[in-house]
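The values are calculated or read from the model by the stated rules, or taken from the named source; none is laboratory data. All of these numbers come straight from a predicted model, not from anything done at the bench. No Cβ is skipped: glycine too gets one built from the backbone with ideal geometry, and neighbour counts run over all protein chains shown.
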Amino acid sequence: MRLDLERGPLEDVAAEFSGTPGLFQLYTPTDRDLAESLVHRAEAAGFAGIVVTLDTWLTGWRPRDLATSNFPQLRGQCLANYTSDPHFRSQVDADLDADPRAGVLHWAGVFGKSLTWDDLTWLRSLTTLPLILKGICHPDDARRARDYGIDGIYCSNHGGRQANGGLPAIDCLPGVVEAAGDLPVLFDSGVRTGTDVVKALALGASAVGIGRPYAYGLALGGVDGIVHVLRSILAEADLTMAVDGYRDLAALTDDAIRRC
């Protein structure tokens, strides 16, 4: 899954998929025309679905980021999808190549739309791609999303980075899966090992995402580090299932993690 906050344009990222389905994660801006432009670009680039972020229309309290002044977007980083966007550029009264600060200031003014359920009808109208809501941790919200015709649910608490005192997403997962009915439920938050992956799958997740582990691999070993981390997680998941006697994913149920 790729975010709209990146160092390279989404088209360049999609060109490297090599047949692997990719999801575009949208942090919906307040400018509807800009949101539409980003979605249409993702669709044209070959992304397989749009993931709408619900839990980060503003940044949570992050003491470490504050202590280190860690907000790369305000330094002009990770904004390539915006500064390469025709609509975004048309709204900035400056040459972004000569004055990148102008782009930063405009981005800060349009980032972070507080979405309501009524916005889903508009978002749905932007694309024929599957629409997935990310940040749902309550069964009532999962049921409502299903009633609105959403194509998938992403159970996530943003790795605890938005509300550190909230419930663990893994504890919310079973209720969300039950409420989602036949909708696929993706999951992330706190996944560090292959065993974590197996636990989430056993609780009903259709797919499991990781965040920090691949970044650790990248920092230590570049692309080879990422490959090593992913292979290690997959190997541990495979071995965990084998040791516990599960031949395939279809055999996994919540009995696999129930305390005796």
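The table below gives the values:
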| read-out | value |
| --- | --- |
| Flag if Asp97 is within 23 Å of Ala48 (Cβ to Cβ) and free of Cβ contacts under 8 Å to residues at least 24 places away in the same chain | no |
| Helices (runs of 4 or more DSSP H) wholly inside region 1-99 that include at least 2 residues being buried (at least 16 other Cβ atoms within 10 Å of the Cβ) and among the polar types (S, T, N, Q) | 80-83 |
| Subset tally (residues that are assigned to a loop (DSSP other than H, G, I, E, B) and surrounded by 14 or more Cβ atoms within 10 Å (Cβ to Cβ)) for region 111-148 | 13 |
| Residue check, Leu54 within 25 Å of Glu11 (Cα to Cα) and in contact with a Lys or Arg (Cβ under 9 Å, 6 or more places away or on another chain) | yes |
| Members of region 209-260 that are hydroxyl-bearing (Ser, Thr, Tyr) and closer than 25 Å to Pro174 by Cβ | Thr240, Tyr246, Thr253 |
| Top-ranked residue in region 154-177 [being out of contact with any Lys or Arg (no Cβ under 7 Å at 6 or more places or on another chain), surrounded by fewer than 19 Cβ atoms within 10 Å (Cβ to Cβ) and outside any helix (DSSP H, G or I); ranked as modelled with the highest pLDDT] | Pro168 |
| Hits in region 207-226 (condition: surrounded by 14 or more Cβ atoms within 10 Å (Cβ to Cβ) and more than 20 Å from Ser189 (Cα to Cα)) | Gly225 |
| Residue within region 51-69 that is modelled with pLDDT under 85, within 18 Å of the chain's Cα centre (by Cα) and small (Gly, Ala, Ser) present | yes |
| Exclusive hit being among the hydrophobic types (A, V, I, L, M, F, W, C), assigned to a strand (DSSP E or B), without any contact (Cβ under 8 Å) to a residue 60 or more places away in the chain and surrounded by 13 or more Cβ atoms within 10 Å (Cβ to Cβ), set Leu201, Leu186 | Leu186 |
| Residues (touching a Leu at 6+ places or on another chain (Cβ under 6 Å) and hydroxyl-bearing (Ser, Thr, Tyr)) located in region 111-165 | Tyr148, Tyr154 |
| Counted residues, region 22-66 - those being within 21 Å of Val104 (Cα to Cα) and of a type in the set (A, V, I, L, M, F, W, C) | 8 |
| Residue check for Ile226: touching a Phe, Trp or Tyr at 6+ places or on another chain (Cβ under 8 Å), of a type outside the set (Lys, Arg) and either under 17 Å from Asp255 (Cβ atoms) or at pLDDT 95 or above (or both) | yes |
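A quick yes/no check of all residues on (1) in contact with a Cys (Cβ under 8 Å, 6 or more places away or on another chain); (2) hydroxyl-bearing (Ser, Thr, Tyr); (3) at pLDDT below 95; (4) over 23 Å from Arg259 (Cα atoms):
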residue: Ala180; (1), (2), (3), (4): no, no, no, yes
residue: Leu183; (1), (2), (3), (4): no, no, no, yes
residue: Gly190; (1), (2), (3), (4): no, no, yes, no
residue: Thr193; (1), (2), (3), (4): no, yes, no, no
residue: Asp196; (1), (2), (3), (4): no, no, no, no
residue: Gly217; (1), (2), (3), (4): no, no, no, yes
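To keep it simple, each residue is scored yes or no on (1) hydrophobic (A, V, I, L, M, F, W, C); (2) closer than 19 Å to Leu131 by Cα.
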residue	(1), (2)
Leu38	yes, yes
Thr56	no, yes
Ser69	no, no
Leu96	yes, no
